[in-house]
Amino acid sequence: MNINIEFLGYPGSGKSHLSKQIKKSLSIKNISFIKSDKLLFNAYPKNMIEKFIYKKYYNYKINKKFQSNYLFKKQYIFLSNKINETIKQKKKISLINLYKSILKLTTLNQNGIKRSIDNFKICLCGYYLNYNNDIIYSEDGLLQSLYQVYKHKINKKNVKLIKKFLDKLPTASIVLILETKFNSALKRANMRQKGFNYYNYDINKIKYNYQILDKLIMEYLKKNRINILKIRSINKSKVYMSKIVKLINKQS
């Protein structure tokens with residue numbers, strides 16, 4: 001059975017940086033640490049030619065986006081069909097529909113929404129594909145997807161929707177929580193090439209939304225007794241490495 005690890009933190013909190021550090025450390029211990037989207041790209045193709053094509057497609061995907069109208073259209077359709085088959089088989093269509101409803105609370109345009117749904121489905125399928133008993137991780141996992149909600153103030157109706165969404169999620173083996181301060185994370189997020197443009201919105205409203213999301217997610221983690229590890233500084237990841245390995249061994 002695979003071990004699924006999700007990274008959780010505000011945009012700009014350092015999830016990608018931390019995952020690279022962990023991957024490097026685990027590779028020294030000969031522990032396989034594979035990203036959920038790479039798992040899926042490795043799992044579906046069957047012959048050597050397909051694997052070569054999908055390797056090229058995966059490199060395009062991580063540098064650009066999942067779908068292209070010009071490149072790899074055949075591969076995109078093939079993967080989409082496989083993903084949808086898995087979701088249907090696992091009876092998670094209602095979860096996808098809930099996620100679509102949540103995306104209406106974001107600032108994403110139609111193309112952004114489509115990419116988010118594609119990536120959410122990829123991450124979801126990582127929970128159901130057994131592939132060499134790897135440790136599967138996701139920097140932008142199922143829980144992390146909620147931090148896209150910052151445009152509209154979260155009200156009681158939206159809280160019910162988010163709780164319903166959380167109740168239908170498959171549970172991760174381990175959740176690594178980056179406790180980067182709100183202002184520091186947002187500052188880094190806005191410095192990116194394609195920044196989140198948070199400063200176009202009411203910062204207090206964003207902070208209010210994130211505090212509600214934090215509370216709902218922590219309730220979900222406690223309710224499902226999910227192993228969590230709080231990372232207070234990504235610059236001291238070596239300090240946490242033994243704890244992470246211990247949690248992984250506990251799940252094995």
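Against the definition (touching a helix residue (DSSP H, G or I) at 6+ places or on another chain (Cβ under 8 Å), farther than 16 Å from Ser242 by Cβ and among the aromatic types (Phe, Trp, Tyr)), how does Phe33 come out, yes or no?
On the way: touching a helix residue (DSSP H, G or I) at 6+ places or on another chain (Cβ under 8 Å): yes; farther than 16 Å from Ser242 by Cβ: no; among the aromatic types (Phe, Trp, Tyr): yes.
Judged against the criteria, Phe33 is not a match.
Can you name every residue in the stretch 3-37 that is assigned to a loop (DSSP other than H, G, I, E, B), surrounded by 20 or more Cβ atoms within 10 Å (Cβ to Cβ) and touching a strand residue (DSSP E or B) at 6+ places or on another chain (Cβ under 7 Å)? Explain how you work it out, then say what you get.
First pass over the stretch 3-37, keeping only residues assigned to a loop (DSSP other than H, G, I, E, B): 9-14, 29-32.
Applying the additional criterion that residues be surrounded by 20 or more Cβ atoms within 10 Å (Cβ to Cβ) yields 9-14.
Of everything in the stretch 3-37, those that are assigned to a loop (DSSP other than H, G, I, E, B), surrounded by 20 or more Cβ atoms within 10 Å (Cβ to Cβ) and touching a strand residue (DSSP E or B) at 6+ places or on another chain (Cβ under 7 Å) turn out to be Gly9, Ser13, Gly14.
I'd like the full set of residues that are assigned to a loop (DSSP other than H, G, I, E, B) and in contact with an Asp or Glu (Cβ under 9 Å, 6 or more places away or on another chain), limited to the stretch 154-172.
Ala172
Taking the stated definitions as given, is Ile87 surrounded by 17 or more Cβ atoms within 10 Å (Cβ to Cβ), modelled with pLDDT of 80 or more and on the phi < 0 side of the Ramachandran plot? Explain how you work it out, then say what you get.
Details: surrounded by 17 or more Cβ atoms within 10 Å (Cβ to Cβ): yes; modelled with pLDDT of 80 or more: yes; on the phi < 0 side of the Ramachandran plot: yes.
In short, yes.
Mind checking which residues of the stretch 127-177 are without any contact (Cβ under 8 Å) to a residue 60 or more places away in the chain and among the hydrophobic types (A, V, I, L, M, F, W, C)?
Ile154, Val159, Leu166
Picking from Lys20, Lys65, Lys38, Lys29, which residue would you name as being modelled with pLDDT under 85, under 17 Å from the mean Cα position of the chain (by Cα) and under 26 Å from Ile174 (Cα atoms)?
Details: Lys20 fails: modelled with pLDDT under 85; Lys65 fails: under 26 Å from Ile174 (Cα atoms); Lys29 fails: under 17 Å from the mean Cα position of the chain (by Cα).
Criteria check complete, one pass: Lys38.
With respect to Ile102, determine if the residue is in a helix (DSSP H, G or I) and open to solvent by 10 Å² or more (accessible area, probe 1.4 Å).
Details: in a helix (DSSP H, G or I): yes; open to solvent by 10 Å² or more (accessible area, probe 1.4 Å): no.
Answer is no for this residue.
Looking at the stretch 125-146, which of its residues are under 18 Å from Lys15 (Cβ atoms), part of a helix (DSSP H, G or I) and open to solvent by less than 10 Å² (accessible area, probe 1.4 Å)? Steps first, please.
Of the residues in the stretch 125-146, the ones under 18 Å from Lys15 (Cβ atoms) are 126, 135-146.
Okay, now just the ones that are also part of a helix (DSSP H, G or I), so 144-146.
If the condition is that a residue be under 18 Å from Lys15 (Cβ atoms), part of a helix (DSSP H, G or I) and open to solvent by less than 10 Å² (accessible area, probe 1.4 Å), then Leu146 is the only one that fits.
If we keep just the residues of the stretch 38-49 that are free of Cβ contacts under 8 Å to residues at least 40 places away in the same chain and open to solvent by 10 Å² or more (accessible area, probe 1.4 Å), which is nearest to Phe120 (Cα to Cα)? Steps first, answer last, please.
Keep residues of the stretch 38-49 that are free of Cβ contacts under 8 Å to residues at least 40 places away in the same chain, which gives 38, 41, 44-49.
Within this subset, residues satisfying the condition of being open to solvent by 10 Å² or more (accessible area, probe 1.4 Å) are 38, 44, 46-49.
Details: Lys38: 14, Tyr44: 17, Lys46: 24, Asn47: 26, Met48: 27, Ile49: 27 Å.
Once the filter is applied, the top-ranked residue is Lys38.
Would you check if there is a residue in the stretch 109-117 being open to solvent by 40 Å² or more (accessible area, probe 1.4 Å), under 19 Å from Ala172 (Cα atoms), free of Cβ contacts under 8 Å to residues at least 12 places away in the same chain and over 16 Å from the mean Cα position of the chain (by Cα)? Steps first, please.
Start the filter on the stretch 109-117 by keeping residues that are open to solvent by 40 Å² or more (accessible area, probe 1.4 Å), which leaves 109-111, 114-115.
Filter once more, so that each one left must be under 19 Å from Ala172 (Cα atoms): none.
No, there is no match, as no residue in the stretch 109-117 is open to solvent by 40 Å² or more (accessible area, probe 1.4 Å), under 19 Å from Ala172 (Cα atoms), free of Cβ contacts under 8 Å to residues at least 12 places away in the same chain and over 16 Å from the mean Cα position of the chain (by Cα).
Which members of the stretch 105-147 meet the condition of being of a type in the set (Lys, Arg) and at pLDDT below 90?
Listed by number, the residues that qualify are Lys114, Arg115.
Among the residues of the stretch 13-37, what is the count of those that are over 20 Å from Leu229 (Cβ atoms) and touching a residue at least 60 places away in the same chain (Cβ under 8 Å)? Reasoning before the result, please.
Restricting attention to the stretch 13-37, the residues satisfying the condition of being over 20 Å from Leu229 (Cβ atoms) are 30, 37.
Next, from what is left, pick out any that are touching a residue at least 60 places away in the same chain (Cβ under 8 Å): 37.
Adding up the residues that qualify gives 1.
Pick from the stretch 192-234 the residues that are of a type in the set (Lys, Arg) and under 20 Å from Leu18 (Cα atoms): which of them is modelled with the lowest pLDDT? Break it down into steps so the answer makes sense when it comes.
First pass over the stretch 192-234, keeping only residues of a type in the set (Lys, Arg): 192, 194, 205, 207, 215, 222-223, 225, 230, 232.
The next check asks that each one be under 20 Å from Leu18 (Cα atoms); those that pass are 192, 230, 232.
Working: Arg192: 68, Lys230: 92, Arg232: 83.
Ranking the qualifying residues of the stretch 192-234, first place goes to Arg192.
Select from the stretch 200-220 the residues that are under 18 Å from Leu178 (Cβ atoms) and open to solvent by 80 Å² or more (accessible area, probe 1.4 Å) and list them in ascending order.
Answer for the stretch 200-220, where residues must be under 18 Å from Leu178 (Cβ atoms) and open to solvent by 80 Å² or more (accessible area, probe 1.4 Å): Lys207, Gln211, Lys215.
The values are calculated or read from the model by the stated rules, or taken from the named source; none is laboratory data. Just so it is clear, the model here is predicted, and its values are computed rather than measured. Glycine also receives a Cβ, built like all others from the backbone with ideal geometry; neighbour counts cover every protein chain displayed. We work out accessible area using only protein heavy atoms, side chains counted, and drop any ligands, DNA or RNA first. Shrake-Rupley method; radii C 1.70, N 1.55, O 1.52, S 1.80 Å.
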